[in-house]
Amino acid sequence: MADLNGKNESGQSVIEFALILPILVLLLTLPVDFFLYMNTQMTLSSAAGDCISRLDYSDISSGTGSNKVKEVVAQNFTERLDPGKVQITELNAGSRNKNDYSYYVYSSDLANSSDFESQFEVRPGSYQFTDVQLQLSYERTSVTFWGALFLGNTYEVKTPVYSRNIYISGNTP
């Protein structure tokens, strides 16, 4: 197609598109690895929170806490994570701790008192617990050029250290 000056410009738009296409592809693939990183981070954090909430003292004392974590991941997160790639970076149980506390029980013997607070009897209580910490990690492979450039060909996604007190024994009124 000729313009008003008689020049043929029919191939110009095709060449411009061919020059711009690689730049567009690079820009459109930029967020892919970032999305995969963030999605893995959120999924792994959910898995760590779920795993630590399901641990009990029998898992910790018998040394099967890691197995329980792997079991929970395999049962609940196989759609989004490969359970074979999930690594337990930290699963520590602290020493036994004792928590002493007081609780109040209504006493009918003290009910004749005009003061409401004095109608309750103070009783001591205590229980033992241990502090457990869990951190999970997962290795991913970059999908795009940008991911390999900024994150490396393979990169590790880690959760923060999750901590929880696990009840051992004691008085539970």
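The values are calculated or read from the model by the stated rules, or taken from the named source; none is laboratory data. Since we're looking at a predicted model, the values are computed, not measured. Note: ideal-geometry Cβ built from the backbone for every residue, glycine included; neighbour counts use all protein chains shown.
Key figures
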quantity	calculated
Members of the range 22-38 found to be modelled with pLDDT of 90 or more and out of contact with any helix residue (DSSP H, G or I) (no Cβ under 9 Å at 6 or more places or on another chain), listed by number	Phe35, Met38
Condition check for Tyr106: touching a strand residue (DSSP E or B) at 6+ places or on another chain (Cβ under 9 Å), aromatic (Phe, Trp, Tyr) and exposed (fewer than 12 other Cβ atoms within 10 Å of the Cβ)	yes
Yes/no for Glu121 being assigned to a strand (DSSP E or B), surrounded by fewer than 14 Cβ atoms within 10 Å (Cβ to Cβ) and among the charged types (D, E, K, R)	yes
Qualifying residues in the range 39-69 (those that are acidic (Asp, Glu) and assigned to a helix (DSSP H, G or I)) - the one modelled with the highest pLDDT	Asp50
Test: residue in the range 113-124 that is closer than 30 Å to Thr89 by Cα and among the charged types (D, E, K, R)	no
